[in-house]
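Here, each number is a calculation from the coordinates, and none is a lab measurement. Please read all numbers here as calculations on a predicted model, not as lab measurements. A quick note on method: Cβ atoms are made from the backbone with ideal geometry, for glycine too, and the neighbour counts reach across all protein chains shown.
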Amino acid sequence: MDNRISMITLGAKDLQAVSSFYEHVFGFRVESRNDNITFFDLRGSWLGVYGLDALAEDIGIENNHKGFGGFTLAHNLESEEAVDALFKHLTENGATAIKTPQKVFWGGYSSYIADPEYNYWEIAYNPFGWIGPERDASAQ
């Protein structure tokens, strides 16, 4: 198996609201959309936003609405200042602040925000090395 993630799919109670959040607050580029799913191109992988009940049905499980799913998504940046700036931008434009940017036990700088349905994103700086796909200067 290749070492990569092709797509992350979030199940959404309100497909339109969550899709709009990622398009307008995060600024993700919509690759395609229809009444059932929105795909965002993340320069190396994709994010899909799909109806929560439809996703549970596709998996073949009961949607029991248990809450926190035990995972987070992360967006790493090149400095503490970049974390502060992005956190401020996101929370001023509709993201819910969960944990303000701060130095953390492992030596980095980290914060958490949530989308409209409380999918958690860590916005972080790792001083020990770059985490993520190769950086594209044209995308900044």
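Quick notes on this structure:
- Members of the range 58-80 found to be within 26 Å of residue 133 (Cα to Cα) and either out of contact with any Asp or Glu (no Cβ under 6 Å at 6 or more places or on another chain) or free of Cβ contacts under 8 Å to residues at least 24 places away in the same chain (or both), listed by number: 69, 70, 71, 73, 75, 76, 77, 78, 79, 80
- Residue check, residue 62 surrounded by fewer than 17 Cβ atoms within 10 Å (Cβ to Cβ), assigned to a strand (DSSP E or B) and more than 14 Å from the chain's Cα centre (by Cα): no
- Filter result for residue 78 (in contact with a Lys or Arg (Cβ under 9 Å, 6 or more places away or on another chain) and among the acidic types (Asp, Glu)): yes
- When residue 132 is tested against the conditions (1) surrounded by fewer than 17 Cβ atoms within 10 Å (Cβ to Cβ); (2) more than 27 Å from residue 3 (Cα to Cα); (3) in contact with a His (Cβ under 9 Å, 6 or more places away or on another chain), the lone failure is (2).
- Verdict on residue 101 being surrounded by 17 or more Cβ atoms within 10 Å (Cβ to Cβ), within 17 Å of the chain's Cα centre (by Cα) and part of a loop (DSSP other than H, G, I, E, B): no
Table: residues versus (1) without any contact (Cβ under 8 Å) to a residue 60 or more places away in the chain; (2) not in a loop (DSSP other than H, G, I, E, B).
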site	(1), (2)
82	yes, yes
86	yes, yes
91	yes, yes
106	yes, no
111	yes, yes
116	no, no
